[in-house]
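Student: Take a look at the following structure, please.
The values are calculated or read from the model by the stated rules, or taken from the named source; none is laboratory data. Being a predicted model, the structure only gives us computed values, none of them experimental. Here the Cβ positions follow ideal geometry from the backbone for every residue, glycine too, while neighbour counts run over all protein chains shown. SASA here: full protein model, heavy atoms, side chains in, ligands and nucleic acids out. Shrake-Rupley method; radii C 1.70, N 1.55, O 1.52, S 1.80 Å.
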Amino acid sequence: MRTAYSVETVRAAERELMARLPEGALMQRAAAGLAAACADVLGRVYGSRVVLLVGSGDNGGDALYAGARLARRGAGVTAVLLAPERAHAGGLATLRRAGGRTTGTDGAEGLIERADLVVDGIVGIGGTGGLRPEAVPLAEAAGRARAAVVAVDLPSGVEADTGEVRGAALRADLTVTFGTHKPGLLIDPAREYAGSVRLVDIGLELPAGAELEALQHADVARLLPAPAAESDKYRRGVVGIAAGSARYPGAAVLAVAGALRGGAGAVRYVGPAGQAVIARFPETLVSDRGPEHAGRVQAWVVGPGAGDDAATVAEVLAADVPVLIDADGLRLAEASAVRGRRAPTLMTPHAGEAAALLGVERREVEGGRLAAVRELAARYGATVLLKGSTTLIAGPGGGAVRVNPTGTSWLATAGSGDVLSGLAGSLLAAGLPAVDAASAGAYLHGLAGRFAADGAPVGAHDVAEAIAGAWRSVVRG
C-alpha cells in the first residue's frame, strides 16, 4: 500500500530525524536521490546541460546540492536564482566549488530552452496559491523546452496537502519526492502536473495514520471474497439491484453485469427492465414486486437509470442491509433518510452529482476533490466514492482517504458507472465493509477499463466483460 502524509506530519518527522543526524545530512540524502534520478533521466551526464530553477529555502538547497553532484560528473550546470539573497548558502557554495554557475532570471528563458534537463526547485511543499509572477515565465519556458523537467518533492505551484492548483504551476515529467508521497502527488488536478513519481527513502519515521492510502494488487487480493468448500449462493451473499426504467433499461442491464462479476452468490433484480435483464443474464433472479418483496438480500444497489422513482429509493433506504446509492438515487434520496440509516451506506457520485449534493459549482468539486469527498462523507454519515480522474473513497468517521490508482480516461463512457455500482454492491453483499467494497470495486473497475481499452475506445459492456480478467490478475499477483 502506498501512503501519503500531510506537510505538517512530514515536517515533524524531518525535525525528529534531523535532531539525530549531523547537520545537513538529511538534505544530502535527498540531494543524492535527486541527483541519481536526474542522471537516470539524462542517460549520459557528461556534457549535458542542466538548468536548476532555485527558489529560497530547503527545496532550492536540494536542487543546488543535486546540481553539484551532476557538475562533478561533467554536466554543465547553471542555477537560475529567483531570490539570490535568500538562496541556500551551503548549497550555493557547493555548486560553485563543483564548477556550476549561477545567474539571475534575466536571460534565463534562453538557458531553459537550450537545456537537456530542467530541475524545478522553485517552491517546496509548503507553497500555496500558485507560482509568483516572477516564476511564471520560467515555468512557461520549461513547458516549451525540449528538456525533461524534474520537480523536487512536488511541482512548484501545486498544493501538497490538497492536490489543488490555484494559479500557474510548473508541469514536470518526473517528480522526485522524499520520505513519503504527498497527497497532491496522488490527487488531480495536481497529480497531472507531477508526471511520473519517484519516492526516495530518506529515513523518516512516520505515524500509522496517513492522509491518503492507495491500494495495490496485494492489498486488493486480501480483500476479495473467495468461496469456501461449504459455500452456497446464499452464504456468498445476494445483492439486490433496484435500477433502470422504461427510458433507461440499459442502466439495469449494466448494473447487473457488474454485480454478476463481483463475488456475490446471486443477483436479484427489481424494476421495470426485467425483460431486458433476463434476456441478457438468465441467471438473474428477477422480480416485479418491489424491493420489500424481492426476497433475501445482503446488500442493495439503487439508483442507476431510476428516473424519478423516489418510492423505490426510499424503500431500499429503509432496508436494514448495506445500500449503495448511485446516479438518480443520489438525487432522489432524502438526506435525513441516509443519515438515519443504521446499516452502512455507500454513495458513488461523480463530480457533477457531488456538486449538486453539496450545493456548489462543479468546478469547485473538481478543483478540491479531497475536501469535497470528506465533506460529503461527514454530511451524510456515509462512505463516499467520488468518481472521476482521481477516484477517492472517504469513510464517515474520518481517517485516511483512499485514492484509486487504476483506471484509464477511456472509462469516461456512458454506463461505466453503472457497472461499478453493481460490482461494488456485490462486494458489499459478499461481506466487505463499505470502504473496502468501494476501494476494491474501484480498483477492479479501473483495471478492467485498462484491459478492455488497451489504448482504444470501449463501451461499458466491454468493461464488465473484462472484470473477470482484472480479478484474476489481482489474485494471481
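Student: Rounded to whole Å, give me the distance from the Cα center of the stretch 365-434 to that of the stretch 316-364.
Tutor: 11 Å
Student: Go through 106, 232, 219 and list them by solvent-accessible area, largest first, probe radius 1.4 Å. Each step should come with its number before you reach the end.
Tutor: Details: 106 140, 232 60, 219 20 Å².
Sorted descending by solvent-accessible area, the residues read 106, 232, 219.
Student: Please report the net charge: other residues with Cβ closer than 15 Å to the Cβ of residue 58, K and R +1, D and E -1.
Tutor: Details: positive: 11, 15, 29, 86, 182; negative: 14, 23, 62, 120, 153.
Neighbour charge sum, excluding residue 58 itself: 0.
Student: So what's the back-of-envelope 222 nm ellipticity for the chain, counting only DSSP H runs of four-plus at -39500 (n - 2.57) apiece and dividing by all residues, rounded to 500? Don't skip to the end; give the middle numbers.
Tutor: Details: 19 runs with 195 residues, N = 477.
Calculated mean residue ellipticity at 222 nm is -12000 deg cm²/dmol.
Student: Right, next: On full extension of the chain, what length is gained from residue 456 through residue 389, given 0.36 nm per residue of separation minus the C-alpha to C-alpha distance? Spell out each step's value before the answer.
Tutor: Details: separation 67, 0.36 × 67 = 24.12 nm, distance 1.75 nm.
Here the answer is 22.4 nm.
Student: Starting from the Cα of residue 146, step 7 Å toward the Cβ, then list every residue of the stretch 167-189 with an amide N under 18 Å from that point.
Tutor: What the label zone holds, given the 18 Å backbone N cut-off, is 173.
Student: What's the local net charge at residue 141, with K and R +1, D and E -1, over the other residues with C-beta under 11 Å away? Intermediate results must be reported in sequence, preceding the final value.
Tutor: Details: positive: 114, 144; negative: 109, 113, 140.
With Lys, Arg at +1 and Asp, Glu at -1, the net is -1.
Student: Let me ask you something else. Heavy atoms only, probe 1.4 angstrom, no DNA, RNA or ligands counted: give me 233, 182 ranked by accessible area, highest first. Walk me through the numbers on the way to the answer.
Tutor: Values: 233 95, 182 0 Å².
Sorted descending by solvent-accessible area, the residues read 233, 182.
Student: Per-residue HN-Hα couplings for the stretch 273-290, Karplus 6.51 cos²θ - 1.76 cosθ + 1.60 at θ = phi - 60°, whole Hz, x for Gly and Pro?
Tutor: Values, residue by residue: 9, x, 5, 5, 5, 5, 5, 8, 10, x, 6, 6, 8, 9, 9, 10, 9, x Hz.
Student: When semi-axes √(5λ) of the Cα gyration tensor in Å is calculated directly from the model, which label among (1) 50, 20, 20; (2) 33, 26, 23; (3) 37, 32, 19 fits?
Tutor: (1)
Student: Sticking with this one: Enumerate the residues in the stretch 126-140 having an amide nitrogen under 17 Å from the point lying 7 Å beyond the Cα of residue 86 toward its Cβ.
Tutor: 126-136
Student: Could you grab the relative contact order for the chain? Cα pairs under 8 Å, six or more apart, rounded to a whole percent. Kindly include the intermediate steps, with their values, before the conclusion.
Tutor: Values: 1159 pairs, mean separation 59.8, N = 477.
Computed value for the chain: 13 percent relative contact order.
Student: Something else about it: Rounded to the nearest 0.05, what FRET efficiency do residue 335 and residue 96 give with R0 = 60 Å and r taken as the Cβ-Cβ distance? Could you check? Working shown, then result.
Tutor: Numbers: r = 63 Å, r/R0 = 1.04.
My answer for the efficiency is 0.45.
Student: Right, next: Take peptides 240-246, 98-104, 122-128 and line them up by average Cβ neighbours within 10 Å, highest first, as a rough protection proxy. Please report the intermediate quantities before stating the final value.
Tutor: Numbers: 240-246: 27.3, 98-104: 15.7, 122-128: 21.9.
Highest mean packing first, the order is 240-246, 122-128, 98-104.
Student: Would you work out the charge dipole size for the chain about its Cα centre, treating the Cβ of every Lys and Arg as +1 and the Cβ of every Asp and Glu as -1, and quote it to the nearest 20 debye? Mind dumping the intermediate values first?
Tutor: Values: 47 positive and 49 negative charges, 203 e Å.
For this selection, approximately 980 debye.
Student: Could you give me the ³J(HN,Hα) list for the stretch 197-211, computed from phi with Karplus coefficients 6.51, -1.76, 1.60 and θ = phi - 60°, whole Hz, x at Gly and Pro?
Tutor: So the Karplus estimates, Gly and Pro as x, are 10, 10, 8, 9, 6, 10, x, 5, 9, 10, x, 6, x, 7, 6 Hz.
Student: Suppose R0 equals 45 Å. What FRET efficiency, 1/(1 + (r/R0)^6) with r the Cβ-Cβ distance, do residue 16 and residue 360 give to the nearest 0.05? Before the final figure, lay out each step's value.
Tutor: Working: r = 39 Å, r/R0 = 0.86.
About 0.70, to the nearest 0.05.
Student: Which one of 234, 319, 357 has its Cα pushed farthest toward the positive end of the charge dipole of the chain, where Lys and Arg give +1 and Asp and Glu give -1 at the Cβ?
Tutor: 234
Student: Ranked from highest to lowest mean number of other Cβ atoms within 10 Å per residue, what is the order of the peptides 322-332, 285-295, 186-196? Spell out each step's value before the answer.
Tutor: On the way: 322-332: 26.1, 285-295: 15.5, 186-196: 20.8.
Those peptides, ordered most packed to least, come out 322-332, 186-196, 285-295.
Student: Nearest 20 debye, what's the magnitude of the dipole of the stretch 62-195 about its Cα centre given +1 on Lys and Arg Cβ and -1 on Asp and Glu Cβ?
Tutor: Numbers: 15 positive and 16 negative charges, 127 e Å.
My answer is approximately 620 debye.
Student: Here's something else I'd like to know. Once amide H atoms are built 1.01 Å from N in the peptide plane, which residues 5 or more positions from residue 88, or in another chain, come under 5 Å H to H?
Tutor: 57, 61
Student: Using DSSP to call loops (not H, G, I, E or B), can you name the chymotrypsin sites (Phe, Trp or Tyr not before Pro) in the stretch 1-104 whose Cβ has at most 16 other Cβ atoms within 10 angstrom?
Tutor: For chymotrypsin sites (Phe, Trp or Tyr not before Pro) across the stretch 1-104 that sit outside H, G, I, E and B with at most 16 neighbouring Cβ atoms in 10 Å, the list reads 46.
Student: Count charges around residue 367 for me, please; just the other residues with Cβ under 15 Å from its Cβ, Lys/Arg as +1, Asp/Glu as -1.
Tutor: Working: positive: 166, 191, 362, 363, 369, 374; negative: 159, 161, 164, 188, 192, 361, 364, 366, 375.
Net charge around residue 367: -3.
Student: Still on this structure, please answer the following. Could you do me a favour and compute the accessible area per residue for the chain, 1.4 Å probe, result in Å²? Intermediate results must be reported in sequence, preceding the final value.
Tutor: On the way: 19300 Å² over 477 residues.
Ligands and nucleic acids excluded, the result is 40 Å² per residue.
Student: For the chain, what are the DSSP H helices with axial Cα length of 15 Å or more and mean Kyte-Doolittle hydropathy of at least 1.0?
Tutor: Values: long enough: 7-18 (16 Å, -0.21); 25-42 (25 Å, 1.25); 58-72 (21 Å, -0.48); 249-260 (17 Å, 1.88); 369-380 (17 Å, 0.06); 416-429 (20 Å, 1.14); 434-453 (28 Å, 0.72); 460-476 (24 Å, 0.28).
Helix filter hits for the chain: 25-42, 249-260, 416-429.
Student: In addition: Compute the length gained on full extension between residue 226 and residue 198: take 0.36 nm times their separation in residues and subtract their Cα-Cα distance, giving the result in nm to one decimal. Intermediate results must be reported in sequence, preceding the final value.
Tutor: On the way: separation 28, 0.36 × 28 = 10.08 nm, distance 3.45 nm.
Stretched fully, the residue 226-residue 198 segment lengthens by 6.6 nm.
Student: If you don't mind, another one. Can you give me the long-range amide H partners of residue 101? Hydrogens built in the peptide plane at 1.01 Å from N, cutoff under 5 Å, separation of 5 or more residues or another chain.
Tutor: Counting only residues 5 or more places away or on other chains, the set is 77, 78, 79.
Student: Please give the FRET efficiency for residue 378 paired with residue 40, using the beta carbon to beta carbon distance and R0 = 60 Å, rounded to the nearest 0.05.
Tutor: Between residue 378 and residue 40 the formula returns 0.90.
Student: Taking 0.36 nm per residue of sequence separation and subtracting the Cα-Cα distance, how much length would be gained by fully extending the chain between residue 233 and residue 342, in nm to one decimal? Before the final figure, lay out the partial values.
Tutor: On the way: separation 109, 0.36 × 109 = 39.24 nm, distance 2.54 nm.
Between residue 233 and residue 342, full extension yields an extra 36.7 nm.
Student: Excluding ligands and nucleic acids, what accessible area in Å² is computed for residue 410 using a 1.4 Å probe, to the nearest 10?
Tutor: Approximately 100 Å² for this residue.
Student: Magnitude of the Cβ-charge dipole of the stretch 1-131, K/R +1 and D/E -1, about the Cα centre, nearest 20 debye?
Tutor: Details: 15 positive and 13 negative charges, 105 e Å.
Approximately 500 debye in magnitude.
Student: Under the rule of at least 5 residues apart or a separate chain, name every residue whose amide H is placed under 5 Å from the amide H of residue 299.
Tutor: Result for residue 299 returns 238, 240.
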